[in-house]
Structures are given as C-alpha cells and as structure tokens.
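K.L.:
Before we start, here is the structure in question, set down as structure tokens.
Every number here is computed from the coordinates shown, using simple stated rules; none is lab data. These figures come from a predicted structure and were not determined experimentally. Cβ: placed from backbone, ideal geometry, glycine included. Neighbour counts: every protein chain shown.
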Amino acid sequence: MPDLSLATLDPMALTGANVLLWSVLTIGSYAIAKQIYRRWTHWWLMPLAVAPVLVAAAVLALHVSYRDYMRWTHWLVLLLGPATVAFAVPIYEQRVLIRRHWPVLLVGMIAGSLTAIVTSWGLASLLGLDEALRLSLVPRSISTPFAMEVSGDIGGVPDLTAVFVVITGITGAALGDMILARLPFASALARGALFGMGAHGAGTARAHQIGSAEGAIAGLVMVLVGILNVLMAPVVAMILA
Amino acid sequence: MSTHYAVSKRLHRSTALQIGAVLVFWGLGTALAVASGVPLPGGILGLALLLALLLSRRLSALSLRRGTSWFLAEMLLFFVPAVLAVLGHREFFGLIGLKILAVILVSTISVMVSTALAVEGCSRWMSRHA
C-alpha cells in the first residue's frame, strides 16, 4: 500500500497544491467580500477591509505561516504591474479634461504630494515611529501599484505600505465627506481632486457618488499623481535620506 | 486586411484576449526597462507605450477597454496577499497601531485640504488672469 501521508509528498508538488489552494481561497474571499458589500453597503464593510480579514482568518485558523501564504499567492501581487498598464485607457479617455485643466491639477497634485510627504514624515517622527514605518507611510495616499513601487524606491517596506494604503482607503471617503461639510469648496475640480489625491480608489468611488464631474476628476488625479510620485521617488529618496 | 479586421473584431469582443494583450504590454514594458536601463517600473513604460499607440490612433481604445476595465475593477484582489504582512507585526495591535492610525488620519485630512485649497485657489487665479 503506497504511503499517502503529506510528509512523503514531493515538496514541489506540495508547493503547487498550496499555490492552488491559497489562490482559490484568496479569490473566493474577495468574491464573498464583494457580495457582502453589495448586500450591506456600510463603509466598514468595504471589500477593501473585509477581503483581507477573511483571508487572515483562514490563515490563522489553518495554522499557516503568513510568510508561506504570501509566497504562494505572490503571483496575484505581480498582477499590479499589468494593472498599472491598464491606467492608459482612462488617461486616454480623459484627454480633453487633461488638456483643459492640467496646470490647475498639477498644482493640486504637487501641493497634495508635498503635504503627504511632510505630514507623514513629520507626524511619524513626532510620535517616535521608526524609519521603516515613516518611509512606508509616505506614499499611502496614492493608488496601490504606484504606492508599493514608491515605497520600495524610497526605502520603505512595500507590504507595510499596502496595509497603510488600505487603512487610508477605508477612512478616506468618510474624512473627505467631513471636510466638505465644513469647507464647502465651490468647484467640482477642487472636490474631485480632494478625493482622488487623498484616498485613491476608495476616494474616487466616493467622488463618483457626489457627481460625475467630481468622479472623473478624482479618477484622473488618482492616476496622474501615482505616475508623478513614481517619477519623483528618486528625488524624494535623496531628500529623506 | 480581412484577417486584420477579423482579429480586431475578435479582440473587441473577448475580455480574456484583451487581458492577454494588457499582459503583453506589461511584458514589453518590463523588457524595455531591462534593456534600456531606465530606472522605471515595467508597468509605467507599458502604460506609456500603450498610451502612445492610443494617441497616435494606431490602436483603438475600444479594442482594449474591457481588458483594462477588468484590471482596474479587480485591482483590490491583487494586493490582498500583501496586506497579510500585518500578521507579522503583532505590535500594530497596540500603541504603535494607534500612533500609525493617528498619522494616517491627520495626514490624510491635511493632504485633502491642501489639495482642494491649491486647486480652488489656482483655478480662481487663472480665471481672473485669463
């Protein structure tokens, strides 16, 4: 009778099985999280928050090391590369908006990026957080593929930045509403830029609910500021070093 | 010409083929980054390449719209594994976690207010000097 216990299995085959199992589990958790949000639309039930919690529950329940889990599902994270490429189409489709408003939006993106760098770095230093944390907090306002890239470039930890990007997204939409209730900005341009610059995809989704102009501007600012930050990263790294 | 038409018609309809095409652009961008030694990620170069083809009308946005929308809509899935890194930082579930949260909240509010003020101020200045 052949021995079928896991211990005698070829390690390569075992890795293959784990890649399959945990990839399916991750995609499944994501699908469930989306369904939950479709049914109950509370900000704290955003798939952004629920999907990682479901996967973390599975990892903890099955006593798997999170490092192994991250290794087995790393191919999913690699897909953030082609996701960057995909931003070309919305940029192309918004070319009229870009041609008309680029100086104003550029000023807004520079102001927002500088504020993000100075306040993240300054507050984190003030509270005594270590350097890896400070650097990982800097790119948290921009969209994930760009944020993780910038984080690596300036000496942060890309995985930690992914966590901070998620927290920014979950809280950003509510913070934006709070600000607009106290400082009612007159132009759709300012309202859209506020959400796209401050809270990437989650902010853009909220801006779309406020108005189509706000949504288009937010989406555009989110994409352009990501690219701007990747291009600026070497300079920022030199200044912060 | 007729084969070209048939290929582009199939590409217009199939989300899977379009996803494949996006992957090809990413591969090209990555190869270009390695070959040229430009210190930019392959994704950004792939984006520039695709945007250049769209702007020069060598490629219609329709032929990739479904594929690119799929990537943008499901982007959240791609960083779920990275977020699990938080399990390696038990210290986040304490005082350090609260400090991080404070930095994120205060910094996000500052970023939002400064961006909106800059945009509003700049567009007012431009309409006055137009």
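K.L.:
Count, for each residue of B:34-44, the Cβ atoms from other chains sitting within 10 Å of its Cβ, then give me the mean as a whole number.
P.N.:
For this peptide, the per-residue mean of nearby foreign Cβ atoms is 4.
K.L.:
Do the sum for chain B: with -39,500 (n - 2.57) for every DSSP H run of n ≥ 4, divided by all residues, what is the mean residue ellipticity at 222 nm, to the nearest 500 deg cm²/dmol?
P.N.:
Computed ellipticity for chain B at 222 nm equals -25500 deg cm²/dmol.
K.L.:
Per the Kirkwood treatment, what hydrodynamic radius in Å, one decimal, follows for the range B:89-130 from the mean inverse distance over all distinct Cα pairs?
P.N.:
So the Kirkwood estimate lands at 12.5 Å.
K.L.:
Using the number of other C-beta atoms within 10 angstrom as an exposure proxy, rank B:Met75, B:Met126 with the fewest first.
P.N.:
B:Met126, B:Met75
K.L.:
For chain A, set up a Gaussian network in which alpha carbons nearer than 10 Å are linked by springs, and say which option among A:Leu189, A:Leu76, A:Leu133 fluctuates the most.
P.N.:
Of A:Leu189, A:Leu76, A:Leu133, the most mobile in the Gaussian network model is A:Leu76.
K.L.:
So for the pair B:Arg124, A:Leu14, with labels modelled 7 Å out along Cα→Cβ, what separation do we get in nm?
P.N.:
6.7
K.L.:
By how many degrees, between 0 and 90 and to the nearest 10, does the Cα long axis of helix A:95-126 differ from the longest principal axis of chain A?
P.N.:
70
K.L.:
I've got another one for you. Throw me the Rg/Rh for the range A:42-108, computed over C-alpha atoms with Kirkwood Rh, two decimals.
P.N.:
Dividing the radius of gyration by the Kirkwood radius yields 1.21.
K.L.:
Then there is this: How well do other chains shield peptide A:115-124, expressed as the mean number of their Cβ atoms within 10 Å of each residue Cβ?
P.N.:
Mean inter-chain Cβ contacts per residue within 10 Å come to 6.
K.L.:
Averaged over peptide A:14-24, how many Cβ atoms belonging to another chain are found within 10 Å of each residue's Cβ?
P.N.:
Per-residue shielding by partner chains comes out at 0.
K.L.:
Can you sort A:Arg71, B:Arg128, A:Arg140 by how many other beta carbons sit within 10 Å, fewest first?
P.N.:
In increasing order of surrounding Cβ atoms, one gets B:Arg128, A:Arg71, A:Arg140.
K.L.:
Here's something else I'd like to know. Which residue, B:Ser107, B:Ser69, B:Ser56, tops the fluctuation ranking in a GNM of chain B built on C-alpha contacts under 10 Å?
P.N.:
Greatest mean-square fluctuation among the candidates belongs to B:Ser107.
K.L.:
With runs of 4+ DSSP H residues as the only contributors, calculate the mean residue ellipticity of chain A at 222 nm using -39,500 (n - 2.57) per run, divided by the residue total and rounded to the nearest 500.
P.N.:
-27000 deg cm²/dmol
K.L.:
For the range A:179-187, in order, what is each residue's ³J(HN,Hα) by Karplus, 6.51 cos²θ - 1.76 cosθ + 1.60 with θ = phi - 60°, in whole Hz (x at glycine and Pro)?
P.N.:
5, 5, 5, 9, 10, x, 6, 6, 9
K.L.:
Going by alpha carbons, how many degrees (0 to 90, nearest 10) lie between the helix axis of B:95-128 and the longest principal axis of chain B?
P.N.:
With both axes taken from Cα atoms, the answer is about 60 degrees.
K.L.:
Separate question: If one takes the longest principal axis of the Cα atoms in chain A, at what angle in degrees, from 0 to 90 and to the nearest 10, does the Cα axis of helix A:47-61 lie?
P.N.:
The angle comes out at about 20 degrees.
K.L.:
Label 7 Å along Cα→Cβ of B:His89; the range A:104-147 residues with amide nitrogen under 13 Å?
P.N.:
Taking a point 7 Å out along Cα→Cβ of B:His89, the residues of the range A:104-147 whose backbone N falls under 13 Å are A:124, A:129-140.
K.L.:
Between A:Ser136, A:Ser151, A:Ser187, find the one with the highest GNM mean-square fluctuation for chain A; connect C-alpha pairs within less than 10 Å.
P.N.:
Evaluated over chain A, the most mobile residue of the options is A:Ser187.
K.L.:
Further question: Mind checking the log10 I(q)/I(0) for chain A at q = 0.09 Å⁻¹? Debye, one equal scatterer per Cα, no solvent, two decimals.
P.N.:
-0.45
K.L.:
Residues in the range A:101-133 near a label at A:Val235, defined as backbone nitrogen under 15 Å from the 7 Å Cα→Cβ point?
P.N.:
Of the residues in the range A:101-133, A:106-118 have backbone N under 15 Å from the label point off A:Val235.
K.L.:
With charges set only on the Cβ (+1 for Lys and Arg, -1 for Asp and Glu), what does the dipole of the range A:1-153 come to about its Cα centre, in debye to the nearest 20?
P.N.:
It works out to roughly 740 debye.
K.L.:
Any idea what diffusion coefficient chain B gets from Stokes-Einstein, in µm²/s, Kirkwood Rh on alpha carbon pairs, 20 °C, 1.002 mPa s?
P.N.:
D, rounded to a whole number, is 112 µm²/s.
K.L.:
Compare the Cα positions of B:Val80, B:Phe25, B:Val119 along the charge dipole of chain B (+1 at Cβ of Lys, Arg; -1 at Cβ of Asp, Glu; about the Cα centre) and return the one farthest towards the positive end.
P.N.:
Going by the Cα projections, it comes out as B:Phe25.
K.L.:
Please report, in debye to the nearest 20, how large the charge dipole of the protein assembly as shown is about its Cα centre when each Lys and Arg carries +1 at its beta carbon and each Asp and Glu carries -1 there.
P.N.:
Roughly 1360 debye, rounded to the nearest 20.
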